[in-house]
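One structure is given here, and the rest of the page talks about it.
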Amino acid sequence: MALDYRKCAEQIAANIGGGGNVISAAHCATRLRLVIADNGKVNKAALEEIDGVKGMFESNGQLQLIIGTGTVNKVYDEFLSVTGASAASKDDVKAAAASKMPWWKKILKVPGDIFVPILPAIVASGLMMGLVEAIPKFWPAFADTGWFAFLDLVANTAFALLPVLVAISAARVFGGNIFLGAVIGLMLVHPALLNAWNAGKVSEVAQKFNEPVPIVYVQEAFDNILTDDEKLLLPGGGAEAYLTTLDTFDGTEADGKINPSLLNNLVTVERDGEKVGLSGKVWDYINANHTVSEIGGIKKWNLIGSLGISQVGYQGHVIPVILAVFFMCLIEKWLHKHVPEMIDLFVTPLVTVIVTAFVTFLVIGPIFAVLENWVLDGARWLITVGHGIGAAIMGAIYPFTVVMGLHHMYNVIEAGMIAQTGVNTWMPIASAANFAQFGACLAVALKVHNQKTKSVALPSSLSASLGITEPAIFGINYRFMKPFICGMVGGAVGALFATFLSGTNAAGEKVAFGATTYGVTGIPGIPAVNNTVMYILLLLIASGVAFALTWFIWKEEQPAAEKLAPAAPAAPAAPAVEVPTVSVIRCAAGTVLQPVKGNVIAREEIPDDTFASGVLGDGVGIQPSDDKVVAPFDGTISSVAESQHAVGIESNGMEMLIHVGVDTVNMKGDGFTCLVKEGDAVKAGQPLIIFDRAKIKAAGYSDTVAVLLTNSDDLEDVDCGAK
Amino acid sequence: MKTFEYTITDPVGIHARPAGVLVKEIKKYASTVTVAKGEKAVNALKLMALMGMGIKQGDTVKVTVEGADEETAAAAIEAFFKANL
């Protein structure tokens, strides 16, 4: 009876005080090794009783549960998913069993794991969006063309609907069904919900929910933004009379409020025989001077009493989406385990989606809404802290809010500033932070040797210079962490510098340094600022600091094999690596090159019954004319005989045994030097074993080298012989 | 699940040739066979892993047989160990 891995893992989790009590989890060949936070919560007696746990002891601060070979890894996988540890981290544990990652690092790593697969989408879109949206800053007429509208649509698709991409990738990382993940992602940006980007705009909220706007707002707007000429042109002969008309236009009594659709349609003036809409200007004024809560806030769907769901989407969000999908995967897996197979197909997805939807909109969403408000209030307060300290801190932590997906709310702060003082002093801080990430990413792009990383880093840094930092942050800086931190320092320095600057307004007066619009940073921000020279200097300082720090502090992590190579005894021979040109075995999984020079003979001719019979797999023999065995393909060393005369190597499902001589095991290693050890990654042509032919002959054995695919039964189209 | 312990008497231990014949024997059965020495344990169908254990004469191995035909398989494999290893 096969063990129920899931149940076993759940019982383990239950008896160690739950997943929250696990600091780290790893496994070896037979044991699940756990580091426990509070040993008082561990029920040892119950642990030993669990079906599948064969024994238990504590050693080196680890709680070790003996589970067994071939089983422990499955229980471990389930244990990770039960306790909520990242599925991605299990590969790390396998790859680097020695370096046990603390839990917080694993959590920090999750966004990276999720973003790496979707990089192609966001790098391309980010760069394109940066370019497309930068053009109108320098050439305003472009914004009115069909070209701009269409290119902008293409460019911002990935960002506007980012939660969908994040949800799909997260579902894969957490081991859930990616299509259910997609449904959750799509639900979060459903058009029936108010677009989250607009949640702070009175105009959008009013129009979405058809919420009447106090007519005084319109009055204020008329007073402040319309020219006398425009006021006179209003239908009815003047602003006041017109507003009274509007108030009663919807057929109701004068209630001091105006329906948003009316405002949209009716505020037009005739000028030179042409109708000119003023509603855009009016709305802009209202947005900058009034908050959404003044008109009743975002509407809810009431479920039970006052418990309801805010009708707002999650555009631009990352963390709530990841949490929602993480939760979805938990439910889905649990249901798959507990729902009878017959009804699993419709019950599990249905319940998964419904439960996830409720939890997301009722719990995760509201918690984040509160968090967002804190961040917003905190940011507003922070930049008022004197002597540039607050600005510097904001410049440093800004990219963190990008990781959290909170940065889109800053438009509210910016719009408020422009309304109050006419100068957006937030923009230089955001620009410093963003441009510093550009600098850090550029340093990585120029320094890194790995072509794949370089090909991501370069376009990502370009995109960041245009103000779209997500590709640089998620694809490079945050992933490697050090560049991210260097970027934070650059952002802080740049933001601090900004506080010492001043600019000039349109009237030539000296005012605070900042921008006159909002929503732009980086290079496209140049035409928007009131002191161009200093702004460019600011960008150079922020990115320069980040670039220099990254350049000196960050070091590319070498793959393990490359790191080992110089230290290995084979190093002196390394420059002379010769990749063999003759293949001896070919199959669907790959090609085996001739690992030792000499005469290739058929397997049946190897002077040993076991090898010749094919019990150990199909292959060839080689009568060596050289004393060096080299790797026949790129692969991993799977075993090295204690007596150094045989080596196993694996790659792409091929398991190969290279056995030097017949009965040479009896020489107990004398005359053989194996240059690799189990687990080493090797490249075709890399020397593996050096052997002494004279000694083999002297010991009375054949020196024929057996080159065998030990799992040739499982491989397709195996063809042996020199070619 | 059936287990038995066996002390290797073959002078070269479980090396290429003995390992090969052992794998061939185990392939006859549907059960999963695990060979463990001390803390290290491997799936006995994996020839390379088996050889990598470096099991020598005098070593005691613990063999675990688990699967539908574990009764017959365990008996046959134990007999095989006694006869060949």
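The values are calculated or read from the model by the stated rules, or taken from the named source; none is laboratory data. Note that the coordinates shown come from a computational prediction; the quantities given were computed from them, not determined experimentally. Backbone-built Cβ (ideal geometry, glycine too); neighbour counts: all protein chains shown.
Some observations on this one:
- Restricting attention to the range A:363-391 and to residues that are surrounded by fewer than 17 Cβ atoms within 10 Å (Cβ to Cβ) and within 25 Å of the chain's Cα centre (by Cα), the residue that is farthest from residue A:193 (Cα to Cα) turns out to be A:374.
- Scanning the range A:456-470 for residues that are part of a helix (DSSP H, G or I), closer than 21 Å to residue A:524 by Cα and in contact with a Pro (Cβ under 6 Å, 6 or more places away or on another chain) turns up at least one hit.
- For the range A:633-641, the criterion of being outside any strand (DSSP E or B), assigned by TED's automatic domain parsing to the domain that holds residue A:715 and under 13 Å from residue B:49 (Cα atoms) is met by at least one residue.
- For the range A:581-590, the criterion of being within 14 Å of chain B (Cβ to nearest Cβ) and either in contact with a Lys or Arg (Cβ under 8 Å, 6 or more places away or on another chain) or in a helix (DSSP H, G or I) (or both) is met by none of the residues.
- Filter result (β-branched (Val, Ile, Thr) and more than 14 Å from every other protein chain (Cβ to nearest Cβ)) within the range A:598-640: A:600, A:601, A:620, A:622, A:629, A:630
- Contact map, the range A:657-676: first residue more than 12 Å from every other protein chain (Cβ to nearest Cβ), second residue surrounded by fewer than 23 Cβ atoms within 10 Å (Cβ to Cβ) and of a type in the set (Ser, Thr, Tyr), Cβ cut-off under 9 Å, separation 6 or more or different chains; pairs are A:670/A:643; A:672/A:643.
- Of all the residues in the range A:1-25, those that are closer than 14 Å to residue A:76 by Cβ, within 14 Å of chain B (Cβ to nearest Cβ) and modelled with pLDDT under 80 number 1.
- Against the numbered list (1) within 14 Å of chain B (Cβ to nearest Cβ); (2) outside any strand (DSSP E or B), residue A:694 comes up short only at (1).
- Lone unmet requirement of (1) crowded, with 19+ Cβ neighbours inside 10 Å; (2) part of a helix (DSSP H, G or I) for residue A:666: (1)
- For the range A:499-521, filtered to residues that are closer than 25 Å to residue A:134 by Cβ and among the aromatic types (Phe, Trp, Tyr), the residue that is nearest to the chain's Cα centre (by Cα) is A:518.
- Failed item, numbered, when residue A:651 is tested on (1) more than 13 Å from residue A:687 (Cβ to Cβ); (2) within 11 Å of chain B (Cβ to nearest Cβ); (3) at pLDDT 80 or above; (4) within 42 Å of the chain's Cα centre (by Cα): (2)
- Against the conditions (1) surrounded by 17 or more Cβ atoms within 10 Å (Cβ to Cβ); (2) touching a Ser or Thr at 6+ places or on another chain (Cβ under 9 Å); (3) under 23 Å from residue A:659 (Cα atoms); (4) in contact (Cβ under 8 Å) with a residue 40 or more places away in the chain, residue B:57 satisfies every one except (1).
- Residue tally, condition assigned to a strand (DSSP E or B), of a type in the set (A, V, I, L, M) and within 23 Å of residue B:27 (Cβ to Cβ), over the range A:591-626: 2
- Test: residue A:474 is modelled with pLDDT of 85 or more and either of a type in the set (Phe, Trp, Tyr) or more than 28 Å from residue A:385 (Cα to Cα) (or both): no
- Within the range A:176-191, the set of residues being of a type outside the set (A, V, I, L, M), part of a loop (DSSP other than H, G, I, E, B) and crowded, with 16+ Cβ neighbours inside 10 Å comprises A:176, A:177.
- Every residue from the range B:1-46 that is away from chain A (no Cβ under 11 Å) and of a type in the set (A, V, I, L, M): B:8, B:26, B:30
- Restricting attention to the range A:394-447, the residues that are over 27 Å from residue A:314 (Cβ atoms), modelled with pLDDT of 80 or more and in a helix (DSSP H, G or I) add up to 12.
- Residue, surrounded by the most Cβ atoms within 10 Å (Cβ to Cβ), within the range A:473-509, restricted to residues that are in a loop (DSSP other than H, G, I, E, B) and touching a Ser or Thr at 6+ places or on another chain (Cβ under 9 Å): A:505
- In the range A:128-175, of all residues being closer than 30 Å to residue A:327 by Cβ and assigned to a loop (DSSP other than H, G, I, E, B), the one that is nearest to the chain's Cα centre (by Cα) corresponds to A:174.
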